[in-house]
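A short worksheet on the structure shown next.
The values are calculated or read from the model by the stated rules, or taken from the named source; none is laboratory data. Note that the structure is predicted; figures quoted are calculated from it, not measured. Here the Cβ is made from the backbone with ideal geometry for all residues, glycine too, and neighbour counts use every protein chain on show. To get the accessible areas, we keep the full protein, side chains included, count just its heavy atoms, and leave off ligands, DNA and RNA. Shrake-Rupley method; radii C 1.70, N 1.55, O 1.52, S 1.80 Å.
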Amino acid sequence: MHDIDDSVVPGSVYLVDVQEKTTVVHAENDSAIVLSPTPSSDINDPLNWSRGRKLLQIVCVMIYTSAIGIGTTVLYSILQPISNDTGIPLATLNAGTGYMFLFLGWGALINQPLALTFGKRGIYLISVLGNTALCLLTPYIKTEGQWIASKIVQGYLCTPVESLCEVSIADVFFAHERGTYIGIYTLFLFGSNYFAPLIAGFIYDGQGWHWVMYWAAIINFGSLIVLFFFMEETNFVRNTSEATEAVRFSAKPGAEKGDKESTTSSPVPSWDLTGIPKTYSQRLALFGGRYASNKLLFTMTYRPVILLRFPVIFWAGFQYGTCLVWYNVLNATCSLILSEQPYNFRASFVGLTYLGPLIGMFLGTFYSGWVGDRFAVRYARRTRGIREPEHRLWLMVVSLLLCPASLILWGVGASKGISWVGLVFGMGIISCSTGIGSSLSINYALDSYKDMSGEVMMAVILVRNTLSFAIGYGITPWLHMGYQNTFISAGFVGLAITMTFLIVIKWGKSWRIASRKRYWGYVADGTLGH
């Protein structure tokens, strides 16, 4: 463990080597991108993996995300048939899904520390196996108590999909490319939630609601097989800090000049790698090592709650949670609106309308991810090579228009009976705005406090899912105002909340400066590499 200079501002990294002060670079468009965090010389360091190996890992994370997303949301469009068949009131079915969302967040206080201590691979596999079992169990549930209990257990088992996937991405990709893959993750997270009701309607029409859950179990079990053979462990304890290294690079006027490394693959250090590569059988170990002490394991179960005192983390969770609220409001009203006059869509046609949100989510995550990475690099060139996490937030300007406009189009359009094409277009814009806000919020939190990414994401998800759980009880009373008034008010609420990014751009760095001594103290406790 190295000595940490607690005067360094967390999140401020030297991203573009405008003065040619370090050899740990990647040539891009005739300017050197500094590799942050700096890879070690260990051949088993995930940052040193080949491009193909990294992409295979991301494919596995996306397979996991899709499987869990389908298994947890496929029943949203068939709750009424479930109620008719089992006699469980619709209110209880909705309450169960609310509890599931709550435990998807708070369950991370147990699952995440275990993953960071003993290994992420084993936790992922146990999670998808548990989700498979619960999908198979659902058709046999007959009482309200069984339903609530099954949703709580499912929420707990599936927590990695909310807070661990982002950390796995940060394990293998550098700061200048991380946003692209966070955007892809956001696409698959929400995209699977939109895809599930699309297929559920057709399965229900052809085979009944039991087979909706059986097919979800089949998808999860197939994913389990793929993940068992191809997903690797990405935990790695490194003895350096991303922000400390990067800022120190920029502060060394006498640093040695070196040649830039130009490559089209994932950049690696210019020195020789050391160590013995893990064999394939070693990579298949369920839990491949020990990455934290028992003391740190215990500390990580409560410290995410303490981290909510950091304004940056709380804001990221609140902004992300607000995006999820609009997603929940859309889900709660889509079937109601499109199955009534003048549309009269049957379940399968309602599912097809989710193609609009799928396209919108793709556009939103591409903009906030791939475009966002390039925007951050370009902005860093203008600020002497230093990238501040707040730079990327300027992309939220687009949401100032998309968020209120889409909500008003959806609500007012439904109340006036406009063409279904207009409503689907509104659904797509809501989804696009959700993708932008979610991806940028996650990236902002990770960029600000990368060295504690595991605990930071736990804190963000606690805020996000608690907000989502609470709003679930307010959607129905809110709709009593009528679609038009409800969504006009929602549009202005969304606009007001989105505008807070301007406050964060102004004061975010001051907040990070104020938190630096406490943050670096936490990092020094041994959380590096997680």
task = Find the accessible area per residue for the chain; the probe is 1.4 Å, ligands and nucleic acids are left out, and the unit is Å².
result = 37
ask   = Hey, what do the phi angles of the stretch 293-298 turn into as Karplus ³J(HN,Hα) couplings, whole Hz, using 6.51/-1.76/1.60 and θ = phi - 60°, x for Gly and Pro?
value = 7, 4, 4, 5, 4, 5
request  = Taking amide H positions as placed in the peptide plane 1.01 Å from N, state which residues far from Val13 in sequence (5 or more) or on other chains have amide H under 5 Å from it.
outcome  = Arg387
query = Among 290-296, 490-496, how do they line up from the highest to the lowest mean number of other beta-carbon atoms within 10 Å?
reply = 490-496, 290-296
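Which shape class applies to the stretch 307-406: rounded if a/c is under 1.5, otherwise prolate when a/b exceeds b/c and oblate if not, where a ≥ b ≥ c are the square roots of the Cα gyration tensor eigenvalues?
Prolate is the answer for the stretch 307-406, as a/c is 1.5 or above and a/b outweighs b/c.
Looking at the calculated P(r) for the stretch 65-138, what percent of the C-alpha pair distances fall above 21 Å? Let's see the in-between values first.
Working: 941 of 2701 pairs.
In whole percent, the long-distance tail amounts to 35.
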ask   = Given the protein chains as shown and a 1.4 Å probe, how many square angstrom of His480 are accessible, to the nearest 10?
value = 150
message = Quick query: amide H of Ala32 versus all other amide H atoms, modeled in the peptide plane; which residues come in under 5 Å with a sequence gap of 5 or more or a different chain?
response = Asp17
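With r defined as the distance between the Cβ atoms of Met481 and Ile418 and R0 fixed at 22 Å, what FRET efficiency is calculated, to the nearest 0.05?
Working: r = 19 Å, r/R0 = 0.87.
E between Met481 and Ile418, to the nearest 0.05, is 0.70.
Largest first, what is the accessible-area ranking of Asp525, Asp171 with a 1.4 Å probe? Kindly include the intermediate steps, with their values, before the conclusion.
Values: Asp525 95, Asp171 10 Å².
Largest to smallest exposure gives the sequence Asp525, Asp171.
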Estimated vicinal HN-Hα couplings, Hz - the stretch 167-175 in sequence order (Karplus 6.51, -1.76, 1.60; Gly, Pro = x) = 5, 4, 5, 5, 5, 10, 10, 7, 4
query = Once phi is turned into θ = phi - 60°, what whole-Hz ³J(HN,Hα) does the Karplus curve with 6.51, -1.76 and 1.60 give for every residue of the stretch 211-226, x standing for Gly and Pro?
reply = 6, 4, 6, 5, 5, 4, 5, 4, 4, 5, 5, x, 5, 4, 4, 4
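In what order, largest first, do Trp106, Trp326 sit by accessible area if the probe radius is 1.4 Å?
Working: Trp106 105, Trp326 20 Å².
Largest to smallest exposure gives the sequence Trp106, Trp326.
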query = At what distance in nm do the modelled label points of Ala149 and Leu137 sit from each other, each positioned 7 Å from its Cα along Cα→Cβ?
reply = 0.8
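Just to make sure I understand: if all protein chains stay in place, what is the order of Val421, Val167 by accessible area at 1.4 Å, largest first?
Order by accessible area, largest first: Val421, Val167.
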ask   = Just the accessible area for Ile359, please: 1.4 Å probe, Å², rounded to the nearest 10?
value = 110
key: 5 angstrom amide H check on Asp42, placed H, neighbours 5+ away   = Thr274
ask   = What nm distance separates the two modelled labels at Ser41 and Leu336, each placed 7 Å from Cα along Cα→Cβ?
value = 6.4
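Can you compute the helix-only [θ] at 222 nm over the chain? Use -39500 (n - 2.57) per DSSP H run of at least 4 residues, normalise by all residues, nearest 500 deg cm²/dmol.
Values: 24 runs with 347 residues, N = 530.
Theoretical 222 nm ellipticity from helices: -21500 deg cm²/dmol.
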message = Need one number: nm distance between label points at Ser281 and Phe230, each 7 Å from Cα along Cα→Cβ, rounded to one decimal.
response = 2.4
Overall form of the stretch 397-530 per C-alpha gyration tensor (a/c, 1.5; a/b vs b/c) = prolate
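How much of the accessible area of the chain, in percent, comes from carbon and sulfur atoms when a 1.4 Å probe is used?
Ligands and nucleic acids excluded, carbon and sulfur reach 66 percent.
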